[in-house]
Every structure is written in C-alpha cells, then in structure tokens.
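Contents: one structure, followed by commentary.
The values are calculated or read from the model by the stated rules, or taken from the named source; none is laboratory data. Computed from a predicted structure; not experimentally measured. Cβ placement follows ideal geometry from the backbone for every residue including glycine, while neighbour counts extend to all protein chains displayed.
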Amino acid sequence: MIFNQRVKIRFVQDFEVPPSIVFGFFSNHESLSKIYPGAFKRVVNSIDPRNANGIGSVRRITNFPLVFEETITQYNEPSFIEYKITAGATPIKNHIGQMHFLPLESGKCRLDYTIEFDPILDLPFQSFLLKNMMEKMVGDAVRELAKRFKENPRY
C-alpha cells in the first residue's frame, strides 16, 4: 500500500533589496546558519576557482540528530540556484531545491523557491508531516530574512 507521495512546496517572498543581495545571502553556505536551525559549512569548493560556492560545491548541514550534505547542481548568478541532497541520513530522498531570484520594481527582489522530495519510508501521514515541518521551517526562515533585510539592507 502506498501512503506517501512526492511532496512539492513553494515559497514566494518579496525582499526590499535587489536580487544580487538576496542571491548573495543564499549562495553563501555559511550565512544560512543565520536563518535556519543547525550549522552550515562548505566542505567541498565549487569547480569554479573564482567562486567557491558555485556548481559542485557541497555544504554540510548539522542539525542534531541529522547530518547531511547538499550539492549545488545549477548556479546562475544572480538569478538561480539549484541544489540536491547528496549524502547523509534524512527522512527524505530525491530532494531538490530550486531558488529563482526575480527583479522587481524599485530595486526589489522576489524569491520563488520550490522544494520537492519523497519520504524515505512508506508510513501513514509521513508526507503530510514532513511537508508541514518543511513549510514551517523554511517559511519562517525566508520571512525572517526578508524582515532582517528590511531593517538592515546590508544584513
């Protein structure tokens, strides 16, 4: 019996700063610890020697009891980042995140962010629970960042 199905979550958030600023924040692996729970550390540099955080770079996320790695698979500054979970034990598989940074009028930015994944186990309500947890964690983080940029555009 199949209880779970692929989860897709979408976040759309406007920022009071240009796309280059928002992109810069999300492309710097270590800065993500400022808004998400856990520690983020780049453990593999990009294939591009001019940009350690670009394609092929890997960040390790430690949020006890989870430790996993995400690899940047697409990177188009300042408009698009795609990443996938590539190592570690998590309750999800086939995870992919895509972040589009869209320019708005008056030098503002809209982040259009989708996350898709499959639950690793076929348990009742697991998709529902994981989706709600991710919506809360990522949604809170993105809203918090927008608030911080509004208070301090150089955050």
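Observations
- Residue in segment 64-84 that is more than 20 Å from residue 101 (Cα to Cα) and either outside any strand (DSSP E or B) or among the polar types (S, T, N, Q) (or both) present: yes
- When restricted to residues that are surrounded by 15 or more Cβ atoms within 10 Å (Cβ to Cβ) and either among the hydroxyl-bearing types (Ser, Thr, Tyr) or not in a strand (DSSP E or B) (or both), segment 85-114 contains 3.
- Residue under evaluation residue 142, criteria (1) part of a strand (DSSP E or B); (2) surrounded by 17 or more Cβ atoms within 10 Å (Cβ to Cβ); (3) in contact with a Leu (Cβ under 8 Å, 6 or more places away or on another chain), criterion not met: (1)
- Among the residues of segment 145-155, those that are assigned to a helix (DSSP H, G or I) and more than 17 Å from the chain's Cα centre (by Cα) comprise 147, 148, 149, 150, 151.
- Members of segment 118-141 that are hydrophobic (A, V, I, L, M, F, W, C), closer than 11 Å to residue 9 by Cβ and touching a residue at least 12 places away in the same chain (Cβ under 8 Å): 130, 134, 137, 138
- Consider segment 115-139 and keep the residues that are at pLDDT 95 or above and part of a strand (DSSP E or B). The one that is surrounded by the most Cβ atoms within 10 Å (Cβ to Cβ) is 117.
- Scope segment 35-59; condition at pLDDT 95 or above and in contact with a Leu (Cβ under 8 Å, 6 or more places away or on another chain); matching residues: 35, 40, 59
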